[in-house]
Amino acid sequence: MKTSIIGYPRVGSLRELKFASEKYFKGAVSEEELKNTAAQLRKENLLIQKENDIDFIPSNDFSFYDNVLDTAVLFGIVPKRYTELKLSELDAYFAMAHGYQGEKGDVKALAMKKWFNTNYHYIVPEAGDDTVIKLVGDKPFNEYNEAKALGVDTVPAVIGPFTLLKLTKYTGSKKAWDFAKEAVKAYAELIEKFDSLGAKWLQLAEPYLVFDLSKDDIALFENIYSEILKAKGGVKILLQTYFGDVRDCYDNLTALDFDGIGLDFVEGRKTLSLVKEKGFPKDKILFAGLINGKNIWRNNYAKTLGIIDEIKDVCGEIVLNTSCSLLHVPYTLKNETKLGENYTKYFAFAEEKLTELKEIKKIAASSDETAEYSANKALFATDRNATDESVKARVAGIKDEDFTRLPAFAEREKIQKARFALPLFPTTTIGSFPQTADVKANRSAFRKGNITEAEYKAFNKNKIAECVKLQEEIGLDVLVHGEYERNDMVEYFGENLNGYLFTEKAWVQSYGTRCVKPPIVWGDVSRAKPITVEWSTYAQSCTDKPLKGMLTGPVTILNWSFPREDISLKECAYQIALAIRDEVLDLEANGIKIIQVDEAALREKLPLRRSDWESEYLDWAIPAFRLVHSGVKAETQIHTHMCYSEFTDIIPAIDSMDADVITFEASRSDLQILDSLKENNFRTEVGPGVYDIHSPRIPSVEEIKTALSKMLEKLPKEKLWANPDCGLKTRGTEETVPSLKNLVEATKQLRSERQ
Ligand code: GLN
Ligand code: ZN
């Protein structure tokens with residue numbers, strides 16, 4: 001059995017590409033130096049794959065920023081405003097990725113969007129009526145040749161035409177179909193060029209096929225490929241899918257003249273049954289995605305080989321593959337010095353996944369039980385000691401009524417209006433205040449053991465007192481403590497929960513040069529001791545105004561972690577929910593009257609297929625949130641906050657989270673969401689952010705008044721809150737204070753006009 005991977009991480013195991021790129025942006029290294037770093041990283045990747053005896057090694061999986069952008073550039077999908085800058089090729093590319101501001105002009109970046117259901121973000125190609133799709137770039141050819149010169153005959157990997165056309169944003173009257181002919185010609189040329197270079201295989205990635213597809217989508221796909229495949233010549237075509245199953249187009253896909261088809265057996269819930277029931281053409285190679293490209297747990301060899309056994313009679317040749325590109329996992333366990341073997345032996349990052357592929361290959365070829373197989377079997381047979389019976393019992397004991405807060409919303413709203421007696425359009429913030437250098441220095445000094453806990457706390461309390469005073473001076477109605485103790489809204493809670501593990505260097509690319517280091521859910525999760533109570537109660541003691549306690553919700557904590565695979569996401573979310581529930585109840589018992597539970601990433605893991613939304617996700621995600629706050633008294637006000645306003649389509653689900661107030665990001669989406677709130681009779685009080693905190697601009701009083709007035713066209717005035725659209729931690733004090741002052745002033749003027 002041969003082995004294959006779809007793609008490898010590219011920022012470097014110590015984020016070398018990130019640092020080199022950032023230096024290049026600052027002018028500290030030359031283009032050549034940056035390119036050398038990149039070439040070095042590509043070489044290391046190739047060698048490590050070769051060492052592990054991978055048969056189908058990809059090339060062109062490298063990118064200076066993003067593969068979708070690379071593909072757009074390869075085929076000339078570049079808006080004029082970027083070519084007009086007359087920059088070097090590389091700088092024009094970076095201008096599209098993150099904008100350009102300098103002597104040659106001022107152009108914003110292309111839009112960036114979440115890549116399917118991952119935390120990776122791609123650059124959205126933009127095509128206008130003047131765009132002509134044609135093969136103009138040479139990156140894939142250069143990288144193919146480069147690898148060949150290093151002795152590796154690779155499989156070039158390129159995003160396929162269907163996915164490319166579906167993800168492109170069309171600014172004129174021409175749409176995907178109108179570009180189909182040009183795309184066919186361009187991809188045919190790509191194949192011919194690879195043929196002339198001697199490539200044996202070409203991987204065309206079509207992840208868009210795992211969405212719910214319309215008849216028109218399928219027609220577009222078939223139309224394009226039936227033409228392109230005529231150009232095949234000597235190059236074999238691997239049509240690669242990932243992030244789900246291809247239930248809508250399995251027959252169409254297998255009927256086309258591909259030489260190999262890559263299917264995802266990890267996330268594709270129906271993949272196995274599709275292959276078993278419908279069979280798989282014996283003249284094609286099935287690239288079976290059985291090694292999880294998204295999570296960090298070891299592969300269970302017996303299970304993987306069992307699946308191959310189940311399908312081998314209905315298939316021809318099977319190649320063992322990853323479920324998606326390894327881009328979504330960290331590089332290597334070698335850099336983790338602190339975790340210890342007792343933990344790391346259960347994990348496989350990208351490099352260790354290569355070893356797994358090698359081992360499974362060996363096992364499949366041997367008639368006797370190999371040492372690798374026995375070791376893997378033993379690993380899965382031993383208890384990880386990750387179970388906490390009391391947590392299990394607590395989750396098992398959850399009753400239906402634990403998901404319902406009483407009294408119902410309308411009655412609570414009355415009680416809370418009387419209790420807080422807030423003015424119309426109450427003003428508040430989302431929680432964090434600027435994380436200035438002194439705040440970070442204090443945290444880091446404490447971490448390194450350079451200051452005592454008492455010193456660390458005294459500094460933060462001082463900051464909190466100042467922050468509260470500042471908010472009083474500005475005239476905000478509901479105050480916050482500022483979140484000075486937090487590095488990150490998920491890591492902070494993870495560090496304070498039993499069952500979580502942290503890595504040192506396990507970075508995963510989120511977009512461009514930005515990487516994240518998700519914590520790992522190792523075992524059953526519970527709260528060891530109160531986490532935020534000391535900070536919040538101290539802050540409340542500094543003021544007579546209501547002060548919001550600040551927590552991160554269970555769904556966000558889970559979505560930004562590597563989850564367990566031995567229990568369901570639902571079970572894990574409920575465990576975290578119970579831990580956060582304990583914190584909510586402690587805050588309430590200690591005099592905190594308003595508690596915000598952030599669900600910034602609630603939408604993140606929404607299944608790709610709409611048909612799976614309820615059954616696969618919302619049916620536990622929303623209850624998990626309800627479990628967090630159902631135990632509080634009627635007069636305690638529960639807020640929540642969500643980051644990306646792309647939730648127009650799940651408004652009813654959000655209302656059923658049953659919070660009292662929700663704040664969210666709306667300023668960048670032209671307030672479109674308001675219509676949908678109105679249509680759905682949204683009952684939760686709302687604070688659609690009135691200004692964009694992602695920009696250093698200070699919004700004027702007029703501008704904020706206009707935004708609020710627009711909101712009042714769609715929302716009853718009793719329901720409207722006034723706040724920025726997200727936390728202020730990345731902003732400076734010099735922008736924050738005037739912005740908030742303008743916010744308060746705008747609401748004052750509006751109140752007197754609308755009383
Ligand atoms: N309370 C958090 C903050 O203010 C929320 C951050 C977020 O939504 N991403 O920073
Ligand atoms: Zn936010």
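Starting from residues that are modelled with pLDDT of 95 or more and hydroxyl-bearing (Ser, Thr, Tyr), keep the ones in segment 655-676 and report whichever is farthest from ligand 2 (Cβ to nearest atom).
Once the filter is applied, the top-ranked residue is 656.
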* Structure fact -> In segment 699-715, anything loosely packed, with under 14 Cβ neighbours inside 10 Å and more than 19 Å from residue 672 (Cβ to Cβ) is listed as 702
* Structure fact -> Counting only residues that are of a type in the set (Lys, Arg) and assigned to a loop (DSSP other than H, G, I, E, B), segment 523-536 contains a total of 1
* To do: Collect the residues in segment 74-114 that are aromatic (Phe, Trp, Tyr) and at pLDDT 95 or above, keeping them in residue-number order.
  => 75, 82, 93, 94
* **Residues of segment 725-755 satisfying the condition of being closer than 22 Å to residue 440 by Cβ, without any contact (Cβ under 8 Å) to a residue 60 or more places away in the chain and either crowded, with 22+ Cβ neighbours inside 10 Å or within 16 Å of ligand 1 (Cβ to nearest atom) (or both)** => 735, 739
* Asked: Applying the selection to segment 1-48, what residues are part of a helix (DSSP H, G or I), basic (Lys, Arg) and either at pLDDT below 95 or closer than 29 Å to residue 292 by Cβ (or both)?
  -> 18, 42, 43
* For residue 96, all conditions in the list (1) in contact with a helix residue (DSSP H, G or I) (Cβ under 6 Å, 6 or more places away or on another chain); (2) under 30 Å from residue 362 (Cβ atoms) hold save one; what is the number of the exception? -> (2)
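For segment 642-651, how many residues meet the condition of being touching a Ser or Thr at 6+ places or on another chain (Cβ under 6 Å) and within 16 Å of ligand 1 (Cβ to nearest atom)? Talk me through it step by step, then tell me what you get.
To start, the set of residues in segment 642-651 that are touching a Ser or Thr at 6+ places or on another chain (Cβ under 6 Å) comprises 645, 648, 651.
Pick out the ones that are also within 16 Å of ligand 1 (Cβ to nearest atom) and you get 645.
Total satisfying the criteria: 1.
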* Matching helices (runs of 4 or more DSSP H) fully within segment 260-368 where at least 2 residues are within 19 Å of residue 61 (Cβ to Cβ) and under 27 Å from the mean Cα position of the chain (by Cα) -> 350-365
* Please verify whether segment 622-641 includes one or more residues that are modelled with pLDDT under 95, away from ligand 1 (no atom under 14 Å from the Cβ) and either in a helix (DSSP H, G or I) or surrounded by fewer than 21 Cβ atoms within 10 Å (Cβ to Cβ) (or both). => no
* Asked: Name the pairs whose Cβ atoms lie under 7 Å apart, with the first residue in segment 623-637 and farther than 12 Å from residue 577 by Cα, the second outside any helix (DSSP H, G or I) and among the charged types (D, E, K, R), and 6 or more positions between them or separate chains?
  -> 636/593; 637/593; 637/660
* Failed item, numbered, when residue 603 is tested on (1) in a helix (DSSP H, G or I); (2) within 16 Å of ligand 2 (Cβ to nearest atom) -> (1)
* Qualifying residue in segment 669-680 (condition: more than 28 Å from residue 549 (Cβ to Cβ), within 16 Å of ligand 1 (Cβ to nearest atom) and touching a residue at least 12 places away in the same chain (Cβ under 8 Å)) -> yes
* Would you check which residues across segment 448-501 are within 16 Å of ligand 2 (Cβ to nearest atom) and buried (at least 21 other Cβ atoms within 10 Å of the Cβ) and list them? => 480, 482, 483, 486, 489, 490, 493
* Asked: Looking at (1) within 16 Å of ligand 2 (Cβ to nearest atom); (2) under 24 Å from the mean Cα position of the chain (by Cα), which is the only condition residue 690 fails?
  -> (2)
* Structure fact -> For segment 521-550, the count of residues that are within 26 Å of residue 498 (Cβ to Cβ) and acidic (Asp, Glu) equals 2
* Could you give every pair whose Cβ atoms fall below 7 Å, whose first residue belongs to segment 530-552 and is under 22 Å from residue 599 (Cα atoms), and whose second residue is more than 16 Å from ligand 1 (Cβ to nearest atom), counting only separations of at least 6 or pairs across chains? -> 530/586; 533/586; 533/590; 546/420; 546/593; 547/540
* Structure fact -> Of (1) part of a loop (DSSP other than H, G, I, E, B); (2) away from ligand 2 (no atom under 14 Å from the Cβ), residue 652 satisfies every one except (1)
* Does segment 165-207 hold any residues that are touching a strand residue (DSSP E or B) at 6+ places or on another chain (Cβ under 8 Å) and among the basic types (Lys, Arg), and which are they? -> 169, 174, 200
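The values are calculated or read from the model by the stated rules, or taken from the named source; none is laboratory data. Computed from a predicted structure; not experimentally measured. Positions of Cβ are backbone-derived with ideal geometry, glycine not excepted, and every protein chain shown enters the neighbour counts.
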